[in-house]
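Working notes, structure below.
Bear in mind that the values in this text are calculations on the coordinates, not laboratory data. From a predicted model like this one, the values you see are computed outputs, not experimental measurements. Methodologically, a virtual Cβ is constructed for each residue, glycine included, from the backbone with ideal geometry; neighbour enumeration extends over all protein chains shown.
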Amino acid sequence: MAFTFFFRDNHTLEQLVKHLLPTVQGRSNIKIWDAGCAMGPEPYTLAILLAEKMGKFAFKNVRIDASDIDGSDLFGKIIGEGAYSGEELGRIPKEIFEKYFSPVEGNGERYRICEPLRQRVLFRRHDLLTLEPFDQGYSLVLCKNVLLHFAPNQRADVIRMFHRVLVPGGLLALEQTQKLPEEVRHLFRQVIGDAQIFSKEEP
Ligand SMILES: C[S@@+](CC[C@H](N)C(=O)[O-])C[C@H]1O[C@@H](n2cnc3c(N)ncnc32)[C@H](O)[C@@H]1O
């Protein structure tokens, strides 16, 4: 259930960053929620893409809340350490890998993502089905490969919660195969045709 990997669906993440950046330019507090983040490859991929495009000073204004129900009770530790095996990091482009990762001392098989990126990603244990968000004012909510595990009415309820916590015009991203349920379609406008990226509308 917690299947994930670095640079998964890179197209959607690249498009997200492209559409997000003009909406947050000049802001000193940019909040992002990665809901159902698993062990961290997705929020760290997003952090890498943002750091690449924003530059290190503007990137310091970003906070990625990475949440998961985490049945294993391990994700917080894994994400906090930000260390992964060489095998897990195999899909990362070489120049990005060399720029943001370094070997863990005494364990040549593992590599840790650099501290400026680790500082921007905070893990929170959270069950989406409580429908009680832990914060609001998000410029972006990313929820990929999670809603498919829920019943149709639960999906709609969770998406209504995402709508509530987004700033006006904030972005929601789902996986390629996840369409917005009919009953919440009026809450969002699809931003581009070839990715499930939506901006918040006021109904
Ligand atoms: C397939 S992984 C997706 C990871 C990442 N978003 C990606 O697309 O690569 C699905 C994640 O959803 C989490 N999840 C399942 N039910 C959840 C719930 N009710 N609340 C929060 N997270 C949940 C699982 O623990 C798992 O880590």
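Could you tell me which of rounded, prolate or oblate describes segment 59-103, using a ≥ b ≥ c as the square roots of the eigenvalues of the alpha-carbon gyration tensor, with rounded for a/c under 1.5 and, failing that, prolate when a/b is larger than b/c and oblate otherwise?
Here segment 59-103 falls in the oblate category.
Using a Förster distance of 25 angstrom, determine the FRET efficiency expected from the C-beta separation of Thr130 and Asn61, and round it to 0.05.
0.30
Checking the cross-link filter: which aspartates and glutamates have an alpha carbon closer than 14 Å to that of Lys77, excluding same-chain neighbours under 8 positions apart?
Asp68
Find how much the distance from Lys18 to Ile192 grows on full extension, using 0.36 nm per residue of separation minus their present alpha carbon separation; answer in nm with one decimal.
That works out to 61.5 nm of additional length.
Quick one: Karplus J couplings for segment 91-99, per residue in order, coefficients 6.51, -1.76, 1.60, θ = phi - 60°, nearest Hz, x for Gly and Pro?
Along segment 91-99, the couplings run 8, 6, x, 3, 5, 6, 4, 5, 6 Hz.
Taking the Cα centroid of segment 127-203 and of segment 51-98, what is the distance between the two, rounded to the nearest whole Å?
Using only Cα atoms, the two centres lie 22 Å from each other.
Sort 123-131, 70-78 by the packing proxy (mean of other Cβ within 10 Å over each peptide's residues), most packed first.
Ranking the peptides 123-131, 70-78 by packing returns 123-131, 70-78.
Quantify how much of the Cα-Cα distance distribution of the chain extends past 20 Å, in percent.
Above the 20 Å cut-off, the chain has 54 percent of its Cα pairs.
Looking at Asn61, Ile78, Pro43, which one has the Cα that reaches farthest to the positive end of the dipole of segment 31-79 (charges on Cβ: Lys, Arg +1; Asp, Glu -1)?
Farthest towards the positive pole: Asn61.
Under the rule a/c < 1.5 gives rounded, and otherwise a/b versus b/c splits prolate from oblate, where does segment 14-104 land using the Cα gyration tensor?
Judged from the Cα gyration tensor, segment 14-104 comes out oblate (a/c at least 1.5, b/c at or above a/b).
Could you give log10 I(q)/I(0) at q = 0.18 Å⁻¹ for segment 14-59, computed by the Debye formula over C-alpha point scatterers of equal weight, without solvent?
Summing over Cα pairs of segment 14-59 leads to -0.55.
Assuming R0 = 30 Å, what is the FRET efficiency of Asn153 and Leu122, from their Cβ-Cβ distance, to the nearest 0.05?
Approximately 0.50, to the nearest 0.05.
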